[in-house]
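The block underneath contains the structure these notes are about, expressed in structure tokens.
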Amino acid sequence: MRASTWVFCIHGTLPLMDSNSEPANSSPVTRFAPSPSGHLHVGGARTALFCWAFAKGRGGKFVIRIEDTDQKRSSDAASVGFLKDLEWLGIRWDEGPVFRAPDGSSVGGGEHGPYFQSERLEIYNHHIARLIASGNAYEAWDSQEELEALRKEALGRKEAFRYRFRGEPSAEDRARFAAEGRVPVVRFRAKLAPVTIPDEVLGYTVLPEGEVDDFVIRKKDGFPTYHFAVVVDDELMRVTHVFRAQEHFTNTAKHVLLQDALGFRRPVYGHLSIIKNPDDSKMSKRDKDKVLRKAVKEQGITAPPESTVSVEEWTAWTASDAVQLSLEGAIRLADALRVQLPEINVDDFRRSGYLPEVICNFLALNGWSPGHDVEKFDNEFLKERFGLDRVLKTPAKFDRVKLLAFNTDAMNAMSHEEFVARCRAHAEAFRPEYLARLTPEQFARLMTATKERSKTLDEPFKSNAFLLETNESLQFKDDKAVRKALGIGATSEAGAKSGLDHLRAMRSILEQCEWTHDALEHAANAYATDCAGGKIGSVAQPLRVAVSGTTVSPPIWDTLLLVGKPGSLRRLDRCIEWAVALR
RNA sequence: GGCCCCAUCGUCUAGCCCGGUCUAGGACACAUCCCUCUCACGGAUGGGACAGGGGUUCAAAUCCCCUUGGGGUCACCA
């Protein structure tokens, strides 16, 4: 009878609804079940990695399911953008949304779909009907206001609010609800008994009787709540092991109760600790906004800087802390404000030039370790060794400095060919301007000049922005180090040549010099021996300032080759001019 | 606040389950030195932790209890 009030109806019996028709399978099935998102958070990445490693190391399957039962959250095309991040990390799924990988192969699919919960409503309704029929669930008509009042009352008694069955509505009530256009939710009638939360990481713990209330399993809009959908889908998708964030630990009691009422099997649970920021706060997407808000405040900025974000976006953003800037806008604003956005999502780290294998390695080390002081390993190793018995219960702080060190080691271990290939791929994706500006010879030179000092794939580009400047647009940085190199403002010892003097002298030497690494080095060394007391540094540094604008660049001979002879001479002239005007 | 979970160098962690082999090991970071045309890389050396208090025991980082601190949860979010 109440079925008539349902928003969604059952159309026959789906084969998927038979859950116990298959013999127990010994190989495990794990799943990663995020809500829709365009970006994969590092915490989520670690959960996915562990799920993947556990299943794949035991001949099982790894499933991805999209938990999009909240209609308020957008579910546009970008909703599964995070899939590309998973694929990039080397985490591939056996079942789930279909995804075309860059290499042309296809990931996903499977016979237990659909893998979007929003497409599974009739399945959920079928099982909700079973629960109602067996007396394990009921419709509840309370309005938000009524619930709020109840909650306040409980708060007044200093108690946590627990919803309990409030009796069948009378005929008059029912008529009034209908007149008001009220739509009921469905609540689960929680068994009044202690509930054991099974957890292979934290250990089994008993929740006292009454802790679990009659929670909602179907919302007013006809969508199931997370608790209900997750239990049904884990059963139907044959999930044997559930590894998820620790915030779900207490929720597990609800899931266990639901499984019992539904006659479902119980997967093995393992709750993973959260990953925190160095300052102990929870790592979140908001962290980027926080950095920007702080910078805006500190710099006293009251209007959006040119070509960063629109006035509308700016106004909305400054008006409320709850509003977050678009990723693109945030990046442009950070550039304008000269602040570094913290990397939070997997694609942030990708953009910064981190290696996917290093991210996986490092992520795995946050909350798990293979023991025996081993800490460098790949996903194959993880797959072989990963087990719940060595998962840590304590939350880890995400240490970007150590991540960088790991990345540096991996970069150093690369062959030159691999380094070039991966840097090129990185540039194609994130630094196209370098590819456009540099000739193949220059690019090759940049690679040899930067390989041993690069900590990330982005470093050859990020650290050498002077290559993008024209000979006329290059700005010389006026700071202490530059002044020291050129001898500006310093009282030099009697007879000693300043950096500027060396620059003038080198100008004519370089003009005569063959533009090769060896010839340049010989010419400069000869000059340094004669005129700089053999100190090549006092010649190289002024040259570096002249061609790169700062005191930091790749080895000076490589830098000169990179800039080229005409360019170098022109930059020298401009630098001399600039320095003379400064003193 | 109720309920639940957790606790080793600054950080990630090994050791803890099965007490002695731990004057607690590794890695990152830090400090000093070496290398050096800048920045890096690299090499050497060094400081640095069992949250506190009670037990149990011949013996406790390891087992038990309390305190303190941290986290999670208490939604028609997931």
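The values are calculated or read from the model by the stated rules, or taken from the named source; none is laboratory data. This structure is a prediction, so every number in the text was calculated from the model and none was measured. Neighbour counts are summed over all protein chains in view; Cβ atoms, including those assigned to glycine, are modelled from backbone coordinates with ideal geometry. Surface accessibility is based on the protein's heavy atoms, side chains included, excluding ligands, DNA and RNA. Shrake-Rupley method; radii C 1.70, N 1.55, O 1.52, S 1.80 Å.
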Counting only residues in the stretch A:434-448 that are touching a Leu at 6+ places or on another chain (Cβ under 7 Å) and of a type in the set (A, V, I, L, M, F, W, C), the one nearest to RNA strand B (Cβ to nearest atom) is identified as A:L446
Within the stretch A:214-233, the residues that are near RNA strand B (Cβ under 7 Å from one of its atoms) and in a loop (DSSP other than H, G, I, E, B) are A:F215, A:K219, A:K220, A:D221, A:F223, A:T225
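Restricting the search to the stretch A:234-268, which residues are near RNA strand B (Cβ under 10 Å from one of its atoms), in contact with a helix residue (DSSP H, G or I) (Cβ under 8 Å, 6 or more places away or on another chain) and touching a residue at least 40 places away in the same chain (Cβ under 8 Å)?
Step one: of the stretch A:234-268, the residues near RNA strand B (Cβ under 10 Å from one of its atoms) are A:244-254.
Going one step further and asking which of them are in contact with a helix residue (DSSP H, G or I) (Cβ under 8 Å, 6 or more places away or on another chain), we end up with A:244-245, A:251, A:254.
Once the filter is applied, which keeps residues that are near RNA strand B (Cβ under 10 Å from one of its atoms), in contact with a helix residue (DSSP H, G or I) (Cβ under 8 Å, 6 or more places away or on another chain) and touching a residue at least 40 places away in the same chain (Cβ under 8 Å), the stretch A:234-268 yields A:R244, A:A245, A:K254.
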Selection from the stretch A:105-145 of residues open to solvent by 10 Å² or more (accessible area, probe 1.4 Å), more than 29 Å from A:R174 (Cβ to Cβ) and in contact with a Pro (Cβ under 8 Å, 6 or more places away or on another chain) yields A:G108, A:Y115, A:F116
Within the stretch A:392-421, restricting to residues that are among the hydrophobic types (A, V, I, L, M, F, W, C) and outside any helix (DSSP H, G or I), the one that is surrounded by the fewest Cβ atoms within 10 Å (Cβ to Cβ) is A:L392
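Answer yes or no as to whether A:R431 is more than 26 Å from A:V539 (Cβ to Cβ), open to solvent by 70 Å² or more (accessible area, probe 1.4 Å) and away from RNA strand B (no atom under 16 Å from the Cβ). Break it down into steps so the answer makes sense when it comes.
Numbers: more than 26 Å from A:V539 (Cβ to Cβ): yes; open to solvent by 70 Å² or more (accessible area, probe 1.4 Å): no; away from RNA strand B (no atom under 16 Å from the Cβ): yes.
So A:R431 fails the test.
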Filtering the stretch A:526-539 for residues that are near RNA strand B (Cβ under 9 Å from one of its atoms), open to solvent by 20 Å² or more (accessible area, probe 1.4 Å) and in contact (Cβ under 8 Å) with a residue 12 or more places away in the chain leaves a count of 2
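Can you tell me which residue among A:R570, A:R544 is within 13 Å of RNA strand B (Cβ to nearest atom) and in contact (Cβ under 8 Å) with a residue 24 or more places away in the chain?
On the way: A:R570 fails: within 13 Å of RNA strand B (Cβ to nearest atom).
Among A:R570, A:R544, only A:R544 is within 13 Å of RNA strand B (Cβ to nearest atom) and in contact (Cβ under 8 Å) with a residue 24 or more places away in the chain.
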In the set A:D389, A:D409, A:D399, the lone residue that is near RNA strand B (Cβ under 10 Å from one of its atoms) and under 27 Å from A:T448 (Cα atoms) is A:D409
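Inside the stretch A:186-209, can you point out the residues that are within 9 Å of RNA strand B (Cβ to nearest atom) and modelled with pLDDT under 95? Before the answer, list the steps.
Going residue by residue through the stretch A:186-209, those that are within 9 Å of RNA strand B (Cβ to nearest atom) are A:187, A:197, A:199, A:201-208.
Within the stretch A:186-209, A:I197, A:D199, A:V201, A:L202, A:G203, A:Y204, A:T205, A:V206, A:L207, A:P208 qualify.
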Inside the stretch A:370-391, the number of residues satisfying the requirement of being within 24 Å of A:L202 (Cα to Cα) and open to solvent by 100 Å² or more (accessible area, probe 1.4 Å) is 6
Looking at this structure, is A:L382 within 16 Å of RNA strand B (Cβ to nearest atom) and either within 30 Å of A:E247 (Cα to Cα) or assigned to a loop (DSSP other than H, G, I, E, B) (or both)? yes
Only unsatisfied item for A:P542, checking (1) more than 21 Å from A:G489 (Cα to Cα); (2) crowded, with 20+ Cβ neighbours inside 10 Å, is (1)
Residue pairs qualifying under the 9 Å Cβ cut-off, at least six apart or on distinct chains, with the first in the stretch A:365-376 being over 18 Å from A:F243 (Cα atoms) and the second being within 6 Å of RNA strand B (Cβ to nearest atom) and assigned to a loop (DSSP other than H, G, I, E, B), are A:E375/A:S369
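Which residue out of A:E459, A:E469, A:E514 is of a type in the set (D, E, K, R) and within 13 Å of RNA strand B (Cβ to nearest atom)?
Values: A:E469 fails: within 13 Å of RNA strand B (Cβ to nearest atom); A:E514 fails: within 13 Å of RNA strand B (Cβ to nearest atom).
Matching residue, one of A:E459, A:E469, A:E514: A:E459.
Would you point out the residue of the stretch A:522-552, among those that are assigned to a helix (DSSP H, G or I), among the polar types (S, T, N, Q) and within 42 Å of the chain's Cα centre (by Cα), that is farthest from A:A496 (Cα to Cα)? Give the steps one after another, and end with the answer.
First pass over the stretch A:522-552, keeping only residues assigned to a helix (DSSP H, G or I): A:522-531, A:537-548.
From the residues that got through so far, the ones that are among the polar types (S, T, N, Q) too are A:525, A:529, A:538, A:541, A:548.
With the extra rule that they be within 42 Å of the chain's Cα centre (by Cα), the set shrinks to A:541, A:548.
Values: A:Q541: 16, A:S548: 25 Å.
Per the criteria, the residue is A:S548.
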Exercise. Would the stretch A:450-468 turn up any residue that is in contact with a helix residue (DSSP H, G or I) (Cβ under 6 Å, 6 or more places away or on another chain), in the same structural domain as A:R544 (by TED's automatic domain parsing) and open to solvent by 20 Å² or more (accessible area, probe 1.4 Å)?
Worked result: no
### Query
Would a scan of the stretch A:43-56 turn up a residue that is farther than 28 Å from A:E328 by Cβ and surrounded by fewer than 19 Cβ atoms within 10 Å (Cβ to Cβ)?
no
